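A.B. asks: Dropping the structure in here first, questions after.
The values are calculated or read from the model by the stated rules, or taken from the named source; none is laboratory data. Note that the structure is a prediction, hence the values are computed from the model and not measured. When we count neighbours, we look across all protein chains shown, and the Cβ atoms used for this are built from the backbone with ideal geometry, even at glycine.
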Amino acid sequence: MKIDNSTIILTGATGGIGQAIAQALSKQGANLVLIGRNKKRLAALKQALPNQDKHAVIEADITSKEGLNAINEWVRSNTKINALINNAGSNDFSLLTDRRQAQITDEIQLNLIAPILLCQSSLSWLAQPGVILNIGSTFGSIGFPGYTSYCAAKAGLHRFTEALDRELYATGIRALYLAPRATETSLNSDAVNEMNRQLGNKTDSPQVVAKHVITMLEKEISAKWIGWPEKLFARINQLLPSLVSSAIRKQQDTIHQYINRVSH
Ligand SMILES: NC(=O)c1ccc[n+]([C@@H]2O[C@H](COP(=O)([O-])OP(=O)(O)OC[C@H]3O[C@@H](n4cnc5c(N)ncnc54)[C@H](OP(=O)(O)O)[C@@H]3O)[C@@H](O)[C@H]2O)c1
């Protein structure tokens, strides 16, 4: 797609990766519709972007019916949308046994159900040609201790995007999936950052993710995994999961040490 002068909806706009995507897209001339739950943070982001008058904000909790309705109503009374980026997300790093049921359902709701419902609505308002980009995670391809329901949600989002892209073949609308690895945002607690350092897991800046977003939109690449060796592990986990299990087993003590630090 051509980003200059396009109109793009971005969820999770006020987060670490969202802000970097908003900066990168607005520098390329996009008109943005920024979505988040916090009015002040949305207003501050809009003000910090180039050509701030070209952008709009919608205060909406995308896990609620009211939030989804607010987005659909805004689109109906405004303009055609060229792209939707489902970027809002969150996770808890804890053992499944230590979680309340509400934590699990909230995680699935935000990371999987809300983007699916937004994709469904977008099919009635996206321009043709148009693009949907769903932001997943390396954990959508590799089950990792402490992130069980997040892994489930992101794996679901990956398969959903693949199925939707195939379903939409020849309609002019593409559905794409981008899987970042660990990225420096407030999504990750200090304990998680320390664990990543100790395990030798590399971390990207949000600007790196934003660059991949631009490339994916421009080239309409179906799916992309950021980082080496993460993209290799994602493949190996599909073909030979026992190899990845034994690598993670060696890290088990360290991982559990940090899970305990977060939950106690
Ligand atoms: N950071 C990483 O290490 C990493 C790695 C791989 C993938 N990812 C994925 O990248 C995406 C962005 O993550 P991030 O690191 O930028 O996280 P972040 O800094 O915590 O930002 C999360 C964003 O989601 C929004 N949000 C949360 N709950 C919402 C809700 N119910 N309704 C509407 N918006 C909501 C937040 O806005 P408000 O709180 O203001 O509503 C915020 O803008 C997520 O999908 C995440 O899973 C992140």
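A.B. asks: From the set of residues in segment 189-206 that are touching a residue at least 40 places away in the same chain (Cβ under 8 Å) and under 19 Å from Gly136 (Cβ atoms), which is nearest to the ligand (Cβ to nearest atom)?
C.D. replies: Across segment 189-206, the extreme among qualifying residues is Pro206.
A.B. asks: Give me a count of the residues in segment 167-188 that are surrounded by 16 or more Cβ atoms within 10 Å (Cβ to Cβ), away from the ligand (no atom under 13 Å from the Cβ) and part of a loop (DSSP other than H, G, I, E, B).
C.D. replies: Residues that pass the stated criteria total 1.
A.B. asks: If a residue must be in a loop (DSSP other than H, G, I, E, B) and over 12 Å from Ile142 (Cα atoms), how many such residues does segment 228-256 contain?
C.D. replies: 2
A.B. asks: Moving on. State all residues of segment 207-237 that are among the hydroxyl-bearing types (Ser, Thr, Tyr) and in contact (Cβ under 8 Å) with a residue 40 or more places away in the chain; if no residue qualifies, say none.
C.D. replies: Selection gives Ser222 alone.
A.B. asks: So is Ile113 touching a Ser or Thr at 6+ places or on another chain (Cβ under 6 Å) and free of Cβ contacts under 8 Å to residues at least 60 places away in the same chain or not?
C.D. replies: no
A.B. asks: If you don't mind, there's one more thing I want to ask. Within segment 73-81, can one find any residue that is loosely packed, with under 15 Cβ neighbours inside 10 Å, more than 10 Å from the ligand (Cβ to nearest atom) and at pLDDT 95 or above?
C.D. replies: yes
A.B. asks: Determine whether Val209 is in a helix (DSSP H, G or I) and closer than 24 Å to Gln101 by Cβ.
C.D. replies: no
A.B. asks: Hey, any hits in segment 116-133 for a residue that's aromatic (Phe, Trp, Tyr) and either at pLDDT below 95 or in contact with a Gly (Cβ under 8 Å, 6 or more places away or on another chain) (or both)?
C.D. replies: no
A.B. asks: While we're looking at this one, here's another question. Go through Gly136, Gly146 for me and flag whichever is within 15 Å of the ligand (Cβ to nearest atom) and on the phi > 0 side of the Ramachandran plot.
C.D. replies: Gly146
A.B. asks: Restricting the search to segment 86-118, which residues are under 12 Å from the mean Cα position of the chain (by Cα) and near the ligand (Cβ under 10 Å from one of its atoms)?
C.D. replies: Result: Asn86, Asn87, Ala88, Gly89, Ser90, Asn91, Leu110, Asn111, Ala114, Pro115.
A.B. asks: Determine which member of the set Val262, Val208, Val244 is surrounded by 16 or more Cβ atoms within 10 Å (Cβ to Cβ) and farther than 23 Å from Phe93 by Cα.
C.D. replies: Val208
A.B. asks: Just name the residue that is farthest from the chain's Cα centre (by Cα) out of those in segment 37-65 that are acidic (Asp, Glu) and within 11 Å of the ligand (Cβ to nearest atom).
C.D. replies: If we take residues in segment 37-65 being acidic (Asp, Glu) and within 11 Å of the ligand (Cβ to nearest atom), then Glu59 is farthest from the chain's Cα centre (by Cα).
A.B. asks: Another question, then. Scan segment 211-228 for residues that are surrounded by 15 or more Cβ atoms within 10 Å (Cβ to Cβ) and of a type in the set (Phe, Trp, Tyr) and jot them down.
C.D. replies: Result: Trp225, single match.
One line per residue, one yes/no per condition, for (1) free of Cβ contacts under 8 Å to residues at least 60 places away in the same chain; (2) surrounded by fewer than 17 Cβ atoms within 10 Å (Cβ to Cβ):
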residue: Ser6; (1), (2): no, no
residue: Leu10; (1), (2): no, no
residue: Gly15; (1), (2): no, no
residue: Leu25; (1), (2): no, no
residue: Ala30; (1), (2): yes, no
residue: Val33; (1), (2): yes, no
residue: Asn38; (1), (2): yes, yes
residue: Ala44; (1), (2): yes, yes
residue: Asp61; (1), (2): yes, yes
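A.B. asks: Related question: Among all residue pairs at least 6 apart or on different chains, which show Cβ distances below 7 Å where the first residue, located in segment 140-162, is in contact (Cβ under 8 Å) with a residue 60 or more places away in the chain and over 27 Å from Glu220 (Cβ atoms) and the second is in a loop (DSSP other than H, G, I, E, B) and of a type outside the set (Lys, Arg)?
C.D. replies: What qualifies is Gly146/Phe93; Gly146/Ser94; Gly146/Leu95.
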